[in-house]
Amino acid sequence: MGVFTYENEVATSVPPAKFFKAFILDADRLYSKIVPNQPQTEVIEGDGGPGSVKKISFSHGGQVKSIKHRIDVVDEASLTFKYTVLEGELLSDYVDQISKELTVTAGADGGSVVKSVSIYHTKGDHQMDEERLKAGEQKGLALLKAAENYLLANPAEYN
């Protein structure tokens, strides 16, 4: 099995605790406000916390139809969220699983920095296509920026 790690940091003008609360803890509700053709989220196992398995289904006709992931860590004290993609189009003939970690820390001028670490576990000795990987990660960045824009436009919503 091969392992490929992709790291990214993004600055946002939203304070860390507020961003974590909206983007992680209240993601399903927030996404309904910022994502066209809102995906359907279903908790398959658990109570929504660590150990829970969620299925997210997209109806917009894109490449990704659904994702099933397990929530591994939700740490409000350190503003850290970890999950593992178990099923869906993000996985393929050569990607066995994807582990993701998001950590929100204090940034400049009261804002925050969102650090994302994605670990791709490949089948056999398969290598990752870096351009395809970057394109997928850019979609995550677009979602993060949409969340930031929404939170800045609606400052009282997550106080």
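The values are calculated or read from the model by the stated rules, or taken from the named source; none is laboratory data. Remember, predicted model here, so these are calculated numbers, not experimental data. Note that each Cβ is placed from the backbone with ideal geometry, even for glycine, and that neighbours are counted across all protein chains shown. Areas reflect the complete protein model, heavy atoms only, side chains present, ligands, DNA and RNA absent. Shrake-Rupley method; radii C 1.70, N 1.55, O 1.52, S 1.80 Å.
Each other residue within a Cβ distance under 13 Å of ALA17 adds +1 if Lys or Arg and -1 if Asp or Glu, for a net charge of -1. You can think of it this way: the chain between TYR94 and ASP26 has 21.3 nm of extra reach, that is 0.36 nm per residue less the Cα-Cα gap. Summary of the geometry: segment 83-159 and segment 1-55, compared by the centres of their Cα atoms, lie 9 Å apart.
Helix-derived [θ] at 222 nm for the chain: sum -39500 (n - 2.57) over DSSP H runs of at least 4, divide by residue count, nearest 500?
Working: 3 runs with 37 residues, N = 159.
-7500 deg cm²/dmol, from helical runs alone.
Taking label positions 7 Å along the Cα-Cβ direction at both GLU101 and PHE4, the computed distance is 2.0 nm, reported to one decimal. On the beta carbon distance between ASP125 and LYS33, with R0 = 35 Å, the FRET formula returns roughly 0.25.
All other residues with a Cβ under 14 Å from the Cβ of GLN40 taken together, and with Lys, Arg as +1 and Asp, Glu as -1, what is their net charge? Local net charge: +3. Annotation for ASN149 and VAL43: the two label points, set 7 Å from Cα along the Cα-Cβ direction, are 3.1 nm apart. For segment 14-159, with every protein chain kept in place, what is the accessible area per residue (1.4 Å probe, Å²)? Ligands and nucleic acids excluded, the figure is 54 Å² per residue. Residues of segment 8-32 falling in the label zone of GLU137, defined by backbone nitrogen less than 12 Å from a point 7 Å along Cα to beta-carbon, are 8-10.
In a shell of Cβ-Cβ distance under 9 Å around TYR83, excluding TYR83 itself, what net charge do Lys and Arg (+1) and Asp and Glu (-1) give? Please list the in-between numbers first.
Values: positive: LYS54, ARG70, LYS82, LYS100; negative: ASP72, GLU101.
My count for the surroundings of TYR83 gives +2.
Shown here is the pair-distance distribution of segment 4-159: with all Cα-Cα distances grouped in 10 Å bins from zero up to the longest one, the shares run 10, 39, 39, 11, 1 percent. Among the protein heavy atoms, those of SER32 account for about 60 Å² of accessible surface (1.4 Å probe, every chain in place).
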